[in-house]
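All of the numbers you see were taken from the coordinates with simple rules; none came from a lab. Just so it is clear, the structure is predicted and the values come from calculations on it, not from any experiment. Here the Cβ positions follow ideal geometry from the backbone for every residue, glycine too, while neighbour counts run over all protein chains shown.
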2 protein chains.
Amino acid sequence: MSEPVGVALLGCGTVGGGVAKLLLEHGDRLEQRSGRRLELRRVVVRDPAKPRAVVIPPALLSTDIAAALHDPAVHVVVELIGGTDLARRVVLDALAAGKHVVTANKALLAAHGPDVFEAARKAERTVCFEAAVAGGVPIIRALGESLAANQVTAIQAILNGTSNYILTAMADGGKSYADALAEAQRLGYAEADPTLDVDGSDAAHKLAVLAQIAFGVTAQPHEIERQGIERIDVTDIRYATELGYTIKLLAEAWSSPSQVGKSSSRQDAGDRPDDLRPDDLKTVALHVAPVMVRKTDMLAQVRGAYNAIQIVGDVVGETLYQGPGAGMMPTASSVVADLIDLAVGRAQKTFAAARLWSHRDRGFTVEPSEKVRSRFYLRLAVRDMPGVLADVCRVLADEGISISSVIQHEAVEGHPEQSVPLVIMTHYAETGRFRSAVKAIDRLGTVATPAVSYPVDD
Amino acid sequence: MSEPVGVALLGCGTVGGGVAKLLLEHGDRLEQRSGRRLELRRVVVRDPAKPRAVVIPPALLSTDIAAALHDPAVHVVVELIGGTDLARRVVLDALAAGKHVVTANKALLAAHGPDVFEAARKAERTVCFEAAVAGGVPIIRALGESLAANQVTAIQAILNGTSNYILTAMADGGKSYADALAEAQRLGYAEADPTLDVDGSDAAHKLAVLAQIAFGVTAQPHEIERQGIERIDVTDIRYATELGYTIKLLAEAWSSPSQVGKSSSRQDAGDRPDDLRPDDLKTVALHVAPVMVRKTDMLAQVRGAYNAIQIVGDVVGETLYQGPGAGMMPTASSVVADLIDLAVGRAQKTFAAARLWSHRDRGFTVEPSEKVRSRFYLRLAVRDMPGVLADVCRVLADEGISISSVIQHEAVEGHPEQSVPLVIMTHYAETGRFRSAVKAIDRLGTVATPAVSYPVDD
């Protein structure tokens, strides 16, 4: 029987408590899976006296990070501190002290991936991060190992459980955004300050991590265009339903074959998986936005706080991975899977082969979403007078955008006086040209309030 | 740079052609992912002169299996022969000759898993089989590695693309079983003799493989109860729709906590993932059957030839994996992922740690599905006379089964003269007691034809 693996837990909040519970109460199971005992040897917290859901033996608890990092009986440090400053210092110190690192910290990876991974390679240690994206969904292994024969061509993912919970409550219960958010806060699905969840920032951090694995691009989070769900009106949810769609906050990556004369497009992804992409297609557009998804699409069925990731690979075609995106035990499941991989020796092999956040260039560059081709939903409040529809159609036509369908209902409550809602679905168009058209439409005297628009996934 | 990995392909049909295409045309990509060149060195076929979709260099082609197995330049043998007899001999010979083996052969694993894995351990070689279950869906890695912190408590899976294609065509197009099957055959989704696909045998083989990973049980395929889709009537599809369900052929594993006084049940799975199962719950029921799945359930949305596997782990809760279940490139994606894992050295670690099909007992035993608690759909053709419903209800009540809802429409075409359809949905009941009730109902003089029944997943 091999030596036990000594584990130090830095941070013992919700996820840390789950990890401690597994290590303390299910040691035999974990030993059976990894061939070695996983021993919890230190738990570092800010306040050892604080009552916890999981009882930690007092001898393990301390406030001393440095002692944990330099304890020779500790082989793996689990970073659950969060944030980017202290977490970065602690992770770099742990690696320098010869420890492997398991982290659930997507913000750290998105902001400091190159530093952290370079330090790990220098120290010949391994960094694992299955829990950093989509909680209990094993998407890091799927992308990095299971789909290794593929060049990923598209990712469409629900990566923020809070936003998905709110959108589900709006669609199912007819709730307003404010009411749905309040409900999510009451039930613990949203924090008191939900900004990073609902404005797309959290999803963008996670997308940056996935894009590193799938394309080898290091996109700083601020480079990823994002639109949140804060301005989604229940009117849009109703129109989406009427048109056969559901609105989901999606983190998306579209790889473009533009070098061979085709634009990247929702149209291209996944057609003819036996017709592989040439290996010289090297641009990718990354963004987070509310997207209208067909009701019959798998992503439309993902409800509440669940996460789901659809990946199109040029060999396999479309695959989808779904599960709980956060929470004590689901996230602990991923953290402990990393500990088992380290104990088995699998993680070290993967780390060495993948060379993530390294200078090994796979040749992909991030391009703005301007060139991504998509259908669009456009909702306007227009003055009830002749010629308005003609004006709007003319602006779209000038950008080469053709209209697929138009809905004009009677005026509804809440709309500015003397204005009526006008909803237009376009055919496929380049995002950049659509955006130009929207700007021009907003300048029309016949349009009462700024246009609302979302991409449509068809 | 490390030595190349020499690969021999035994069999070059659809999947073999896909594997050859990847190795021959995307060598740089695969080398980048694995750090070693994957070199196709031999392709053994029955008829080298046969025209192929993928052009194989003539120097690689031969009919000589033994030469491939004993070529020192070959390190990995990819078995794509199929069947259980020749495949078994070839795999055992390859292992004895010191080669690693990659196989897509679920029938081989289901029938001869213990032999093959014992031989591999003796030879200190590795057997990989991601492609054996669900084609391009990386379910083997998900179960064996990503969810390693979990005890799986339930599996519900669409594992046969042919059956799912037929059921989708029946539900969407209102086609009869015979017409849907003919369409599937015309489009290449069903073979000329579709028996093993539509009678549940293929799904049972795959379930046997998943059950080995999840529970350590070696279930011979004939020990897995199965009911196919051949007798599903379009009437049942219509009632299912009316009741808010879709009929799917599911391969299921339900792990029972019966030792602590609770029966296994669709009710139990997945509730309160933070309330872990004790590690001493050790029975599992395995079966393949058409099941009524709620329309809003993810499994209900899986269309056409796609496969999907829902896994409930006691730590993570519900996760789902979906993708193409067969086909040239999707299956090749999984085969080549195994080759990359062998080149990286990951597969060897996994193989050693997992000890599949070994004598290491994890204590699970397979029990009949009799004790699984479920709701049921029951369709009867009853004579149009007083007291019939009372008789049926009495039989169900005698078995302690209570009724949730009843539908009785006007008589429809195709029913025996003077009989009307009667559809009953039950509350949760033990499978064994429900089956007893059905037998008793079939003996009632007022029931015209044998009852049709399916479990209902709620």
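Answer rounded, prolate or oblate for chain B, using the Cα gyration tensor with square roots of eigenvalues a ≥ b ≥ c: rounded when a/c is under 1.5, else prolate when a/b is larger than b/c, else oblate.
Working: a/c = 2.60, a/b = 1.77, b/c = 1.47.
It comes out prolate by the Cα gyration axes.
Given all pairs of different Cα atoms, what value in angstroms does the Kirkwood hydrodynamic radius of the stretch B:286-360 take?
In the stretch B:286-360 this quantity evaluates to 15.6 Å.
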Shielding by partners, peptide B:10-20 (average Cβ within 10 angstrom, other chains)
1
Residues in the stretch A:290-308 reached by a label modelled at A:Ile407 [backbone nitrogen below 14 Å; 7 Å Cα→Cβ]
A:292-295
Phi angles of the stretch B:428-444, converted by Karplus (6.51 cos²θ - 1.76 cosθ + 1.60, θ = phi - 60°) into ³J(HN,Hα) in whole Hz with x for Gly and Pro, give 4, 8, 5, 3, x, 5, 4, 4, 4, 4, 4, 4, 5, 5, 4, 7, 5
Using a label position 7 Å from Cα in the Cα→Cβ direction, what is the ascending list of nm distances from A:Asp93 to the same site in the other copies?
6.2
Against the longest principal axis of chain A, how steep is helix A:234-243, in degrees 0 to 90 to the nearest 10, with axes from Cα atoms?
80
Quick query: amide H of B:Tyr245 versus all other amide H atoms, modeled in the peptide plane; which residues come in under 5 Å with a sequence gap of 5 or more or a different chain?
B:Lys295
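So, counting K/R as plus one and D/E as minus one, what does the shell of residues with Cβ under 15 Å around A:Leu86 add up to? Kindly include the intermediate steps, with their values, before the conclusion.
On the way: positive: A:Arg46, A:Arg88, A:Arg89; negative: A:Asp64, A:Glu79, A:Asp85, A:Asp93, A:Asp115.
Net local charge, A:Leu86 excluded: -2.
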By the mean-Cβ-within-10 Å protection proxy, highest first, A:388-398, B:446-456 rank as B:446-456, A:388-398
Report the Cα-based extents of the stretch B:5-128 along its three principal axes, largest first, to the nearest Å.
36, 34, 24
Any lysines whose Cα falls less than 19 Å from that of B:Lys282, other than same-chain ones fewer than 8 residues away, would be B:Lys262, B:Lys371
On a 0 to 90° scale, report how tilted helix B:85-96 is relative to the longest principal axis of chain B, with both axes built from alpha carbons and the result rounded to the nearest 10.
40
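Can you tell me how much longer the chain between A:Arg355 and A:Gln220 gets when fully stretched, taken as 0.36 nm per residue apart minus their C-alpha distance, in nm with one decimal? Write out the running numbers ahead of the final one.
Numbers: separation 135, 0.36 × 135 = 48.60 nm, distance 1.82 nm.
Using 0.36 nm per residue and subtracting the Cα-Cα distance, I get 46.8 nm.
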Alpha carbon convex hull of the stretch A:373-457, projected area averaged over orientations, nm²
5.1
Per DSSP H run of at least 4 residues, take -39500 (n - 2.57); add these up for chain A, divide by its residues and hand me the 222 nm value, nearest 500 deg cm²/dmol.
-10500 deg cm²/dmol
Label 7 Å beyond Cα on the Cβ vector: B:Ala397 copy-to-copy distances, nm
7.3
Amide H contacts under 5 Å for A:Arg355, placed H, 5+ residues apart:
none
Pull up the cross-link candidates among the lysines for B:Lys349, meaning alpha carbon to alpha carbon under 18 Å and not fewer than 8 places away within one chain.
A:Lys349, B:Lys99, B:Lys122
Need one value for B:339-346: mean number of C-beta atoms belonging to other chains within 10 Å of its residues' C-beta atoms.
5
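Please sort by residue number the GluC sites (Glu not before Pro) in the stretch B:351-413 whose DSSP state is loop and whose Cβ has at most 16 other Cβ atoms within 10 Å.
B:Glu410, B:Glu413
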May I ask you to compute the full-extension gain from B:Glu25 to B:Asp458, defined as 0.36 nm times their residue separation minus their alpha-carbon distance, rounded to one decimal in nm?
151.2 nm
Chymotrypsin sites (Phe, Trp or Tyr not before Pro) within the stretch A:293-376: DSSP coil, no more than 15 neighbouring Cβ in 10 Å
none
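With a ≥ b ≥ c taken as the square roots of the eigenvalues of the C-alpha gyration tensor of the stretch B:134-174, please select rounded if a/c is under 1.5 and otherwise prolate if a/b is larger than b/c or oblate if it is not? Numbers along the way, then the final one.
Details: a/c = 4.92, a/b = 2.54, b/c = 1.94.
Prolate.
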Just to compare against my own numbers: the Cα pair-distance distribution for the protein assembly as shown, 20 Å bins, whole % per bin, please.
14, 44, 34, 8, 0
Rounded, prolate or oblate (a/c below 1.5 giving rounded, otherwise prolate when a/b exceeds b/c) for the stretch A:130-257 by Cα gyration tensor:
prolate
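How many percent of DSSP beta bridges within the protein assembly as shown run antiparallel, rounded to 5? Mind showing how you got there, number by number?
Details: 105 of 155 bridges.
Approximately 70 percent, going by the DSSP bridge assignments.
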Förster radius 25 Å - calculated FRET efficiency between B:Asp398 and B:Arg231 (Cβ-Cβ, nearest 0.05)
0.40
Below 16 Å, Cα to Cα, which aspartates and glutamates can B:Lys206 reach? Residues fewer than 8 away in the same chain don't count.
B:Glu130, B:Asp197, B:Glu223, B:Glu225, B:Glu252
Give me the distance in nm between label points sitting 7 Å out from Cα along the Cα-to-Cβ direction at A:Thr296 and A:Glu3, one decimal.
5.9
Averaging over every viewing direction, what projected area does the convex hull of the Cα atoms of the stretch B:178-244 cover, in nm²?
6.3
Could you pull the copy-to-copy label distances for B:Asp172, with points set 7 Å along Cα to Cβ, in nm to one decimal and sorted shortest first?
2.6
To the nearest 10 degrees, how steeply does helix B:106-123 sit against the main Cα axis of chain B, on a 0 to 90 scale?
40
